[in-house]
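Student: Below you'll find the structure I mean.
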Amino acid sequence: MKLKKALITGITGQDGSYLAEFLLKKKYIVHGIKRKSSSFNTSRIDHIYENKRYKNKFFLHYGDLLDPNSLTSVIKKIKPDEIYNFAAQSHVGVSFKLPNYTSQVNSIGTLNILQSIYDCGLVSKTKFYQASTSELYGEIQEKKQSENTKFYPKSPYATSKLFAYWITKNFRESYKMFASNGILFNHESPRRGETFVTRKITLGLSRIIFGLENCLYLGNLYSLRDWGHAKDYVEMCWKVLQHKKPDDFVIATEKQYSVKFFVDQCFKYLRIKIKWFGKNLNETAKIIDFDKNQYPFLKKNMTVVKISKKYFRPNEVNNLIGNASKAKKLLKWKPKIDIRHLIKEMMDNDLENIRKSKIK
Ligand code: NAP
Ligand code: GDD
């Protein structure tokens, strides 16, 4: 039997690493594009590379979304059955500081892949998945956002992803390419980048617990998000490309929580009692009660969360929650991992890593 070949851009990122594992288990040959960096950027996939089972099944190629030659040469060589475009400057806050770069990578980078597929004569062979985002909804136009909700992007990141969404649709309509958008709501994991809020919280609290830091500084505590687990969501990306026709799908848990709720749940999991004081930029959380034997570095009344202006965006997306009925119905999908399990997994992972690094 001929094995399917997949190419993943952004393979060194959170989603790329989970999708690579998922596809290898499904007996795909997996190719990934990684960019040149001055220090190692493969920590999320090293365990796959080192696994003997995947010796002739997992390959990495240097490339960059901004270098069309690199994309064309890899695509021409591999002739993949499926391409998953996960590569992006994916941080919304950073996109305000680097709007031009963000737009180049996320918009033109996506076009570069689509054009490479076209130029390589693979339009009728290669299926294309675009990592679209709930950030497209920005200033929400409907209580729960579905595939039919109007977009209102509010950041350079979101506008760059809007171009990518539409150019994917254009290639589908113009050339009958199997090109689909997965409109994914936030999804997290122990492999989440350290500057995204959930990981910043689990890592920050772990560092406080081990006495490496005193306080966690956050921005908008009242922002509401629909948080799922990345491992659950990459299965959906695959299902989007296995559907009988190319289409666009919202993937979400349909549950919404605030950043403050996420912080509270982490402390609850750790069995540390905190209390919130003050308002707006003066809001803080103090430790009220804890087990001194379990947490020797903590002190009663210690201020463990403060607000910093620095982490607010010029144009904040306050409220996102998805309506994933279409994916549930057509792709037979249901999220498996809830927020409490997600928090447990992320907290355990960060605590364990810091504990290990301290005894080295
Ligand atoms: P991530 O962890 O930030 O990973 C981004 C990946 O893109 C990394 O592998 C990065 O490489 C690579 N990359 C960045 N610029 C590149 C370039 N110019 N050329 C080639 N590769 C480049 O993101 P993620 O959380 O896995 O998300 C995956 C995709 O889904 C992104 O497109 C994101 O915008 C989108 N998305 C994410 C979520 C979410 O909640 N996670 C929700 C909706 C949509 P380095 O490792 O070298 O930096
Ligand atoms: N990063 C960060 N750091 N966010 C904070 C902080 C902080 O200290 N304090 C509060 N927040 C708020 C942000 O303002 C935002 O409202 C919310 O927490 C979530 O922020 P992020 O975790 O950075 O994610 P995001 O929602 O902006 O973007 C992520 O999800 C999108 C899907 O909706 C990224 O993964 C995007 O790539 C993705 O498209």
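The values are calculated or read from the model by the stated rules, or taken from the named source; none is laboratory data. Note that the coordinates shown come from a computational prediction; the quantities given were computed from them, not determined experimentally. Because the Cβ atoms are built from the backbone with ideal geometry, glycine has one as well, and the counts that use them run over all protein chains shown. Side chains included, ligands, DNA and RNA excluded: accessible areas come from the protein's heavy atoms. Shrake-Rupley method; radii C 1.70, N 1.55, O 1.52, S 1.80 Å.
Student: Does the stretch 339-348 include one or more residues that are within 16 Å of ligand 2 (Cβ to nearest atom), over 25 Å from the mean Cα position of the chain (by Cα) and at pLDDT 95 or above?
Tutor: Looking for residues that are within 16 Å of ligand 2 (Cβ to nearest atom), over 25 Å from the mean Cα position of the chain (by Cα) and at pLDDT 95 or above, one finds none in the stretch 339-348, hence no.
Student: From the residues in the stretch 224-236 that are crowded, with 20+ Cβ neighbours inside 10 Å and not in a helix (DSSP H, G or I), which one is farthest from ligand 2 (Cβ to nearest atom)?
Tutor: For the stretch 224-236, the residue satisfying everything is His229.
Student: Here is a further query. Here are some residues: Thr149, Thr198. Which one is more than 15 Å from ligand 1 (Cβ to nearest atom) and buried (at least 17 other Cβ atoms within 10 Å of the Cβ)? Steps first, please.
Tutor: On the way: Thr198 fails: more than 15 Å from ligand 1 (Cβ to nearest atom).
Being more than 15 Å from ligand 1 (Cβ to nearest atom) and buried (at least 17 other Cβ atoms within 10 Å of the Cβ) holds for just one of Thr149, Thr198, which is Thr149.
Student: Collect the residues in the stretch 311-340 that are in a loop (DSSP other than H, G, I, E, B) and surrounded by fewer than 16 Cβ atoms within 10 Å (Cβ to Cβ), keeping them in residue-number order. Quick ask: steps written out before the conclusion?
Tutor: Initially, the stretch 311-340 is screened for residues in a loop (DSSP other than H, G, I, E, B), giving 312-318, 320-321, 323-324, 331-338.
If the condition is that a residue be in a loop (DSSP other than H, G, I, E, B) and surrounded by fewer than 16 Cβ atoms within 10 Å (Cβ to Cβ), then Phe312, Pro314, Asn315, Asn318, Lys332, Lys334, Lys336, Asp338 are the ones that fit.
Student: Can you report the number of residues in the stretch 31-57 which are open to solvent by less than 50 Å² (accessible area, probe 1.4 Å) and either among the basic types (Lys, Arg) or more than 15 Å from ligand 1 (Cβ to nearest atom) (or both)?
Tutor: Kept after step one, since they are open to solvent by less than 50 Å² (accessible area, probe 1.4 Å), are these residues of the stretch 31-57: 31-34, 37, 41-42, 45, 48, 54.
Add one more test, that the residue is either among the basic types (Lys, Arg) or more than 15 Å from ligand 1 (Cβ to nearest atom) (or both), and what stays is 34, 54.
Result for the stretch 31-57: 2.
Student: Moving on to the next point. Quick check: is even one residue across the stretch 69-80 under 26 Å from Lys200 (Cβ atoms) and either away from ligand 1 (no atom under 14 Å from the Cβ) or charged (D, E, K, R) (or both)?
Tutor: Applying the first criterion (under 26 Å from Lys200 (Cβ atoms)) to the stretch 69-80 yields none.
Checked against the condition, which is being under 26 Å from Lys200 (Cβ atoms) and either away from ligand 1 (no atom under 14 Å from the Cβ) or charged (D, E, K, R) (or both), the stretch 69-80 yields no hits at all.
Student: Looking at the stretch 310-332 only, could you name the residues that are over 27 Å from Thr195 (Cβ atoms), away from ligand 1 (no atom under 16 Å from the Cβ) and either of a type in the set (Lys, Arg) or under 19 Å from the mean Cα position of the chain (by Cα) (or both)? Walk me through it before giving the result.
Tutor: Filtering the stretch 310-332 for residues over 27 Å from Thr195 (Cβ atoms) gives 323, 325-332.
Adding the requirement that they be away from ligand 1 (no atom under 16 Å from the Cβ) leaves 325-326, 328-332.
Those that are over 27 Å from Thr195 (Cβ atoms), away from ligand 1 (no atom under 16 Å from the Cβ) and either of a type in the set (Lys, Arg) or under 19 Å from the mean Cα position of the chain (by Cα) (or both): Lys326, Lys328, Lys329, Lys332.
Student: Looking at (1) open to solvent by 10 Å² or more (accessible area, probe 1.4 Å); (2) over 19 Å from Gly10 (Cβ atoms); (3) of a type outside the set (S, T, N, Q); (4) within 12 Å of ligand 2 (Cβ to nearest atom), find the lone condition where Arg192 falls short.
Tutor: Result: Arg192 passes all but (2).
Student: Quick one: would you say Glu254 is on the phi > 0 side of the Ramachandran plot and within 15 Å of ligand 2 (Cβ to nearest atom)?
Tutor: Details: on the phi > 0 side of the Ramachandran plot: yes; within 15 Å of ligand 2 (Cβ to nearest atom): yes.
Yes.
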